[in-house]
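Q: Pasting in a structure now, in structure tokens, and then I'll have a few things to ask.
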């Protein structure tokens, strides 16, 4: 390892450590709309998405998957929200059961290890990049300057 790369790697490790300090603690909550209907207004697709995500993520002291009646993104089914008490809330739409479930499993792992749950764009699956509906900052976010809590 040369000196030039050593400095860069050290700076990268400092950023990783800082993010871990502010990684969301406690439960990551994955809310799946069970009333979502297919884009053509036909079949209800939400329950299949819920069962798939629940089977893939399970429930533990770190992750809970729950059904919800509506996330009000009816034009972009199926819809899922990922949140925690001290992390960002992400809302995704246009998810298909198979590709959406795999992407969400990866996203939740990254979410739990990212500063305030803010998963870098490059770590999000393409289906989640395209399906992004909203990213809401944590409740404790600074009201003065919009920055991270001190």
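Q: Checking the structure you have, find out if any residue of region 88-111 is more than 15 Å from residue 31 (Cα to Cα) and in contact (Cβ under 8 Å) with a residue 40 or more places away in the chain.
A: yes
Q: Starting from region 113-137, keep only residues that are touching a residue at least 24 places away in the same chain (Cβ under 8 Å) and at positive phi, then list their pairs with residues that are surrounded by 12 or more Cβ atoms within 10 Å (Cβ to Cβ) and not in a loop (DSSP other than H, G, I, E, B) whose Cβ atoms are within a distance under 8 Å, requiring at least 6 positions of separation or different chains.
A: Partner pairs satisfying both residue conditions: 117/28; 117/82; 117/83; 117/84; 117/90; 117/111.
Q: Are any of the residues in region 109-121 touching a strand residue (DSSP E or B) at 6+ places or on another chain (Cβ under 9 Å) and surrounded by fewer than 12 Cβ atoms within 10 Å (Cβ to Cβ)?
A: Within region 109-121, not a single residue is touching a strand residue (DSSP E or B) at 6+ places or on another chain (Cβ under 9 Å) and surrounded by fewer than 12 Cβ atoms within 10 Å (Cβ to Cβ).
Q: Within the set of pairs 6 or more residues apart or between chains, which connect a residue that is touching a residue at least 40 places away in the same chain (Cβ under 8 Å) inside region 64-75 to a residue that is part of a loop (DSSP other than H, G, I, E, B) and crowded, with 16+ Cβ neighbours inside 10 Å with Cβ atoms less than 6 Å apart?
A: If the second residue must be part of a loop (DSSP other than H, G, I, E, B) and crowded, with 16+ Cβ neighbours inside 10 Å, the pairs left are 71/79; 73/79; 73/93.
Q: Okay, moving on. For residue 23, work out the one condition from (1) surrounded by 11 or more Cβ atoms within 10 Å (Cβ to Cβ); (2) modelled with pLDDT under 85; (3) out of contact with any helix residue (DSSP H, G or I) (no Cβ under 8 Å at 6 or more places or on another chain) it doesn't fulfil.
A: It fails just one condition, (3).
Q: May I pose another question? Do the conditions hold for residue 72, that is, is it over 13 Å from the mean Cα position of the chain (by Cα), at positive phi and exposed (fewer than 15 other Cβ atoms within 10 Å of the Cβ)?
A: Here the answer is yes, as residue 72 does meet what is asked.
Q: Scanning region 31-44 for residues that are modelled with pLDDT of 95 or more and not in a loop (DSSP other than H, G, I, E, B), which turns out farthest from the chain's Cα centre (by Cα)?
A: 33
The values are calculated or read from the model by the stated rules, or taken from the named source; none is laboratory data. The structure displayed is predicted, hence computed values, not measured ones. We place every Cβ from the backbone using ideal geometry, glycine too, and count neighbours over all the protein chains shown.
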